[in-house]
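Scroll down for the structure; my scribbles are underneath it.
The values are calculated or read from the model by the stated rules, or taken from the named source; none is laboratory data. Keep in mind that what you see is a predicted model, and the values were worked out from it rather than measured. Note that we place each Cβ from the backbone using ideal geometry, even for glycine, and neighbour counts take in every protein chain shown.
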């Protein structure tokens, strides 16, 4: 319990099915595991995708029920399968969470912030009056292929860049920003 908030109050009880997660009663180095075994803490992330605490079990004093950036509710597990969200990595010198996951590592469902960004991108595409219905439909379909690396990703990047070039100005900038917020790292660099 930290600041009057326990992790159990923030999210439903979770099961550790895929990865070995940190147990504060044992400490990161006392899990009785081999040196090669990976031990993760549980991340606490708001439903808009802002990191609240990447060590919610190891440093519970930093836990908060809501995000200090946007005020959204914080979660520590997939809303579908309840698998904890991997956070701080306890091995060697340790490694903080470097990138907020877009999908659950256990069941593959999009995280709430991924769903919100995808919804926002689709809504923005519907508002682009300068595109014909076919172009809007192709653009909407391309969103899934820039978030996940798929065989259709190069085609999706080509379509998106073509539309961004045609649109220009504020519309192109708004669309680019929202797509970059959800795109995988290799795709971000290829969106112009």
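Look through 109, 116 and report the one residue that is modelled with pLDDT of 90 or more and in contact with a strand residue (DSSP E or B) (Cβ under 9 Å, 6 or more places away or on another chain). Outline the logic, then answer.
Working: 116 fails: in contact with a strand residue (DSSP E or B) (Cβ under 9 Å, 6 or more places away or on another chain).
From the options 109, 116, the qualifying one is 109.
Please go through region 178-187 and give me each residue that is touching a residue at least 12 places away in the same chain (Cβ under 8 Å) and assigned to a helix (DSSP H, G or I), ordered by number.
Correct list: 178, 179, 181, 182, 185, 186, 187.
Condition test on residue 158, is it more than 30 Å from residue 76 (Cβ to Cβ) and assigned to a helix (DSSP H, G or I)? Spell out the reasoning first.
Numbers: more than 30 Å from residue 76 (Cβ to Cβ): yes; assigned to a helix (DSSP H, G or I): yes.
Criteria met by residue 158.
Would you be able to tell me the number of residues in region 160-177 that are touching a residue at least 12 places away in the same chain (Cβ under 8 Å), within 24 Å of the chain's Cα centre (by Cα) and within 15 Å of residue 146 (Cα to Cα)? Step through it out loud before you land on a result.
Our first condition is that a residue be touching a residue at least 12 places away in the same chain (Cβ under 8 Å); within region 160-177, this holds for 160-161, 163-167, 171, 174-176.
Remaining after also requiring within 24 Å of the chain's Cα centre (by Cα): 160-161, 174-176.
Of the ones still in play, those that are also within 15 Å of residue 146 (Cα to Cα) are 160-161, 175-176.
The qualifying residues number 4.
Only residues that are farther than 16 Å from residue 157 by Cα and part of a helix (DSSP H, G or I): list them for region 123-143, please.
So the first thing to find is which residues in region 123-143 are farther than 16 Å from residue 157 by Cα, and the list is 123-124, 126-134.
Of everything in region 123-143, those that are farther than 16 Å from residue 157 by Cα and part of a helix (DSSP H, G or I) turn out to be 123, 124, 126, 127, 133, 134.
Report, by residue number, each residue of region 129-147 that is under 24 Å from residue 168 (Cβ atoms), touching a helix residue (DSSP H, G or I) at 6+ places or on another chain (Cβ under 6 Å) and touching a residue at least 12 places away in the same chain (Cβ under 8 Å). Let's see the steps before the verdict.
Step one: of region 129-147, the residues under 24 Å from residue 168 (Cβ atoms) are 129-143, 145-146.
Those left that are additionally touching a helix residue (DSSP H, G or I) at 6+ places or on another chain (Cβ under 6 Å): 136, 138-140, 142-143, 145-146.
138, 139, 140, 142, 143, 146, listed by residue number.
Quick check on region 88-105: of everything there that is over 18 Å from residue 47 (Cα atoms) and part of a loop (DSSP other than H, G, I, E, B), which residue is nearest to the chain's Cα centre (by Cα)? Give the derivation first.
Step one: of region 88-105, the residues over 18 Å from residue 47 (Cα atoms) are 88-96.
Going one step further and asking which of them are part of a loop (DSSP other than H, G, I, E, B), we end up with 91-94, 96.
Values: 91: 22, 92: 25, 93: 24, 94: 21, 96: 15 Å.
This residue is 96.
Any residue at all in region 15-35 that is modelled with pLDDT of 95 or more, part of a loop (DSSP other than H, G, I, E, B) and in contact with a strand residue (DSSP E or B) (Cβ under 6 Å, 6 or more places away or on another chain)? Spell out the reasoning first.
First, the residues of region 15-35 that are modelled with pLDDT of 95 or more: none.
No, there is no match, as no residue in region 15-35 is modelled with pLDDT of 95 or more, part of a loop (DSSP other than H, G, I, E, B) and in contact with a strand residue (DSSP E or B) (Cβ under 6 Å, 6 or more places away or on another chain).
I want to confirm something. Restricting to region 36-65 and keeping residues that are in contact with a helix residue (DSSP H, G or I) (Cβ under 9 Å, 6 or more places away or on another chain) and in a strand (DSSP E or B), which single residue is nearest to residue 116 (Cα to Cα)?
Looking at the filtered set, the residue picked out is 46.
Consider residue 147 carefully, then state whether it is surrounded by 16 or more Cβ atoms within 10 Å (Cβ to Cβ), within 22 Å of the chain's Cα centre (by Cα), under 26 Å from residue 74 (Cα atoms) and outside the structural domain of residue 52 (by TED's automatic domain parsing). First the steps, then the outcome.
Values: surrounded by 16 or more Cβ atoms within 10 Å (Cβ to Cβ): yes; within 22 Å of the chain's Cα centre (by Cα): yes; under 26 Å from residue 74 (Cα atoms): yes; outside the structural domain of residue 52 (by TED's automatic domain parsing): yes.
Here the answer is yes, as residue 147 does meet what is asked.
Does region 115-122 contain at least one residue that is under 24 Å from residue 72 (Cβ atoms), out of contact with any helix residue (DSSP H, G or I) (no Cβ under 9 Å at 6 or more places or on another chain) and not in a helix (DSSP H, G or I)?
Checked against the condition, which is being under 24 Å from residue 72 (Cβ atoms), out of contact with any helix residue (DSSP H, G or I) (no Cβ under 9 Å at 6 or more places or on another chain) and not in a helix (DSSP H, G or I), region 115-122 yields no hits at all.
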